[in-house]
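Here the structure is laid out as structure tokens; the discussion comes afterwards.
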Amino acid sequence: MPLGPWRKKNKSTKEHLVENEEVSGGHAGAGSLGKSSVNGAGLPPPPADLRPKLVFHTQLAHGSPTGRIEGFSNVKELYAKIAEAFNLSPPEILFCTLNTHKIDMDKLLGGQIGLEDFIFAHIRGIKKEVEIHKSEDALGLTITDNGAGYAFIKRIKEGSVVDRVKVICVGDHVECINGHNIVGTRHYEVARMLKELPKDKTFTLKLVEPMKAFEMLEPRSKGAKPASDNKMGTGRGTLRLRSKGPATVEEEPTEFEEKAVKKVDDLLESYMGIRDTELAATMVEVGRDKKNPDEFAMALDETLGDFAFPDEFVFDVWGAIGDAKQGRF
């Protein structure tokens, strides 16, 4: 049966994880859940001439002309295309949002892009170094990542330790913890590092905030906003991105898939301090045809061997998938 939430095992299956999770973001991550979302993870990238011939429009979030990009299969390739369009280096891009230039975590680009979505790229802005006294066990942060090596803050809980440090904002890239560079570290590892910092001690964060245009400056956001206006694109199809294997055009997710993925993503935040809708989507796909929690737990270990989920989490996820099947959300 699964072990504790932070203990790694079975390193050989690490590549089954979808690299962009969570990036995990609202509109983009609540993805269509075809079988290829699990079994396609180990395939090599397709030749350039076989990739979807789709053109997307993009701008830099702080202001720029409109660029056109095409011919990408995963988030890293997408960032490279955007960087080329604006004569940037790919590491300058922190994350992307869909259909808004604002730092809106409900519209974060994850593993899917609607065929009529407009992509806004948020690039590196001001660096800042902050000392924080960990007066409570929980810092009040939810961490996600951009699928290309940058972990950043997706949510700040109101009244929490971090909420009282007003210089820290949603969207800030976490670059260093106590002088240790964490670029390239997955969001769940960053969450674990922050969780394990000793209580009643002071620690240091080096952060990089997204560049903002003057007219974009506004009070800092706590994170997620109501999802009623998330889907700005009018097309029904979506482009599904994967860490390995071809990008595919799929139908929009069903009501069951959307509700189940959202609930599992909420459980990930509750148990592990991360949000990762691509990971949640994979878990829903794994569990949709399993007959009992034990069978589901074994399938999770087989598919997502880099995680070792606690029994109560597995049981809650199983229940969430069952509720979605029965339309009880």
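The values are calculated or read from the model by the stated rules, or taken from the named source; none is laboratory data. These numbers were taken from a predicted model, which means no experiment stands behind them. All Cβ positions, even for glycine, are placed from backbone atoms using ideal geometry, and neighbour counts span all protein chains on display. Please note that ligands, DNA and RNA were not included when accessible areas were found on the heavy atoms of the full protein model with its side chains. Shrake-Rupley method; radii C 1.70, N 1.55, O 1.52, S 1.80 Å.
Points 7 angstrom from Cα along the Cβ direction at Asn87 and Glu302: gap in nanometres?
Placing both labels 7 Å beyond Cα along the Cβ direction yields 5.3 nm.
Determine the gain in length on full extension of the stretch Leu54-Lys166; use 0.36 nm per residue of separation and subtract their C-alpha separation, reporting nm with one decimal.
Residue separation times 0.36 nm, minus the Cα-Cα distance, leaves 36.2 nm.
Is segment 68-205 best put as rounded, prolate or oblate by its Cα gyration tensor, with a ≥ b ≥ c the root eigenvalues, rounded for a/c under 1.5, and otherwise prolate when a/b is larger than b/c, oblate when not?
Verdict is prolate for segment 68-205.
Could you go through segment 261-276 in sequence order and give the Karplus-derived ³J(HN,Hα) for each residue, using 6.51 cos²θ - 1.76 cosθ + 1.60 with θ = phi - 60°, rounded to whole Hz, and x for Gly and Pro?
Calculated HN-Hα couplings, in order: 4, 4, 5, 5, 4, 4, 5, 4, 5, 5, 8, 10, x, 10, 10, 7 Hz.
Rounded to a whole number, what % of the accessible area of segment 76-226 do carbon and sulfur atoms account for, probe 1.4 Å?
52 percent
Give the peptides 91-99, 77-85 in descending order of average Cβ contacts within 10 Å, highest first.
Ranking, from highest mean packing down: 91-99, 77-85.
Can you list residues from other chains, or at least 5 along the same chain, whose modelled amide H is less than 5 Å from the amide H of Glu116?
Thr234, Gly235
So how far, in whole Å, is the C-alpha centre of segment 256-329 from the one of segment 79-101?
Cα centroid to Cα centroid, the span is 31 Å.
If I model a spin label as a point 7 Å beyond the Cα along the Cα-Cβ vector, how far apart are those points for Glu196 and Ala138 in nm?
Label at Glu196, label at Ala138, 2.1 nm between them.
Under a plain spin-label model, where a point goes 7 Å from the Cα along Cα-to-Cβ, how far apart in nm are Ser64 and Lys127?
Output for this residue pair reads 2.1 nm.
Taking H placed 1.01 Å from N in the peptide plane, check which residues at least 5 places from Gly125 or on another chain put their amide H under 5 Å from its amide H.
It is Glu209, Met211, by chain and number.
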